[in-house]
Amino acid sequence: MPTPTHKLPTEGARVVFIGKGGSTKTHTLAHVLGHWSRMGIPVAAVDSDEPGEDEDGSLVTWNQMTNGRMVPTKHADDESPLTVKAQYSALRLPGTIIEETPAEGILGIDTGSWANRPGGTHHSALAMASLAVLCLQPHEGELHRSASVWAALKHLEDTGSRRPELVVLFTRVHHNAKSSGEVRGTMERSGITVLDNAVPNQMGEDGYSRAFGKPLELVEDDPMHKIAVEILGRVSL
Ligand SMILES: Nc1ncnc2c1ncn2[C@@H]1O[C@H](COP(=O)(O)OP(=O)(O)OP(=O)(O)O)[C@@H](O)[C@H]1O
Ligand SMILES: [Mg+2]
């Protein structure tokens with residue numbers, strides 16, 4: 001497959017996925033990790049989303065359900081192809097993130113439903129990442145709701161923490177949705193970067209929504225592949 005030329009930082013890059021509940025953070029992160037791995041990039045993940053009592057759609061569980069084989073690797077005999085470390089303590093999260101980041105590779109950080117809480121896991125993950133991907137459905141209302149993300153970044157800046165570059169990824173985009181172009185325009189006019197590629201709403205039998213718990217079926221040149229390439233371009237040197 002055509003692999004874009006890329007060079008990642010020696011110490012590795014870190015990409016955190018944020019967004020409200022159900023914005024497809026976990027499914028999208030899983031797919032992009034899979035595509036990066038298939039390109040030969042070392043990948044690992046940290047999951048900071050503590051599962052609630054009745055729901056567990058976490059990256060950790062997904063990886064366990066596939067015996068660590070949710071993403072393809074270069075070597076079929078690899079004992080433990082993907083490491084997904086759970087870390088729900090905001091205090092310990094930075095240390096785990098540092099430990100897990102693969103050299104010259106990419107660490108994906110999954111987060112729970114967005115919460116702008118100083119001292120919480122989201123702030124902690126943001127301060128450790130080089131790039132934050134804000135997943136949201138392209139509705140005008142979402143733009144207003146996401147204001148607290150910018151407030152969080154400002155808080156990090158004001159308190160002397162590092163802050164990541166932020167990009168918006170449109171997810172669950174309906175075919176023919178004209179609102180998506182309008183929301184993109186509104187965001188770009190306010191200086192927000194929106195990724196060119198988006199996650200389509202895919203509920204069908206073979207859709208992204210059914211991927212959970214199984215090894216990923218990666219399709220070359222599909223939207224997830226394009227998103228992986230686009231994000232890779234942003235974290236490469
Ligand atoms: N592209 C898609 N189109 C439609 N539905 C999807 C898509 N991707 C995932 N889903 C479904 O949407 C739901 C939420 O997906 P996912 O768990 O990835 O979101 P999340 O942002 O990680 O949510 P949470 O904040 O609860 O962790 C799941 O039921 C999943 O099957
Ligand atoms: Mg999730």
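The values are calculated or read from the model by the stated rules, or taken from the named source; none is laboratory data. Since the model is a prediction, treat every value here as computed from it, not as a measurement. So basically every Cβ, Gly included, is an ideal-geometry build from the backbone, and we count neighbours across all protein chains shown. For accessibility, only protein heavy atoms count, side chains too; no ligands or nucleic acids. Shrake-Rupley method; radii C 1.70, N 1.55, O 1.52, S 1.80 Å.
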Virtual spin-label span in nm between ASP196 and LEU91, 7 Å along Cα→Cβ:
4.6
Can you pick out the pairs among LYS25/LYS85; LYS25/LYS214; LYS20/LYS178 whose Cα atoms lie more than 19 Å from each other?
LYS20/LYS178
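How much length is gained if the chain between HIS175 and LEU143 is pulled fully straight, taking 0.36 nm per residue apart and subtracting their Cα-Cα distance, in nm to one decimal? Numbers along the way, then the final one.
On the way: separation 32, 0.36 × 32 = 11.52 nm, distance 2.01 nm.
Extra length available between HIS175 and LEU143 comes to 9.5 nm.
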Along segment 43-58, what does the Karplus equation 6.51 cos²θ - 1.76 cosθ + 1.60 (θ = phi - 60°) give for ³J(HN,Hα), rounded to whole Hz, x for Gly and Pro?
10, 8, 9, 10, 10, 9, 9, 5, x, x, 5, 9, 10, 8, x, 7
Mind grabbing the accessible area of ASP196 for me, 1.4 Å probe, Å², rounded to tens?
120
For THR10, THR61, what's the largest-to-smallest order of accessible area, 1.4 Å probe?
THR10, THR61
So what is the 222 nm mean residue ellipticity for the chain from helices alone, if each DSSP H run of at least 4 adds -39500 (n - 2.57) and you divide by all residues, rounding to the nearest 500 deg cm²/dmol?
-9500 deg cm²/dmol
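Within segment 7-54, which trypsin sites (Lys or Arg not before Pro) sit in a loop by DSSP and count at most 13 neighbouring Cβ atoms inside 10 Å?
Working: sites: LYS7, ARG14, LYS20, LYS25, ARG38; in loops: LYS7, LYS20.
Listed in order of number, the matching sites are LYS7.
Using only alpha carbon pairs under 8 Å that are at least six residues apart, calculate the relative contact order of segment 13-227 and give it in whole percent.
27
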Among THR66, ALA90, LEU218, pick out the residue whose Cα is farthest towards the positive end of the charge dipole of the chain, where Lys and Arg carry +1 and Asp and Glu carry -1 on C-beta, about the Cα centre.
ALA90
Relative contact order in percent for segment 1-61 (Cα pairs under 8 Å, 6+ apart) equals 24
Find the centroid of the Cα atoms in segment 1-42 and in segment 80-111, then give the distance between the two in whole Å.
13
Just going by the charge dipole of the chain, with Lys and Arg at +1 and Asp and Glu at -1 on Cβ, which of GLY57, GLY120, SER161 is farthest out on the positive end?
SER161
Per residue, how large is the accessible surface of the chain? Use a 1.4 angstrom probe and give square angstrom.
47
About its Cα centre, what dipole magnitude does segment 13-227 give when the only charges are +1 on Lys and Arg Cβ and -1 on Asp and Glu Cβ, stated in debye to the nearest 20?
560
Ignoring ligands and nucleic acids, HIS139 exposes an accessible area, probe 1.4 Å, in Å² to the nearest 10, of 90
In percent, what relative contact order does segment 104-210 have, based on Cα pairs under 8 Å that are 6 or more apart in sequence?
26
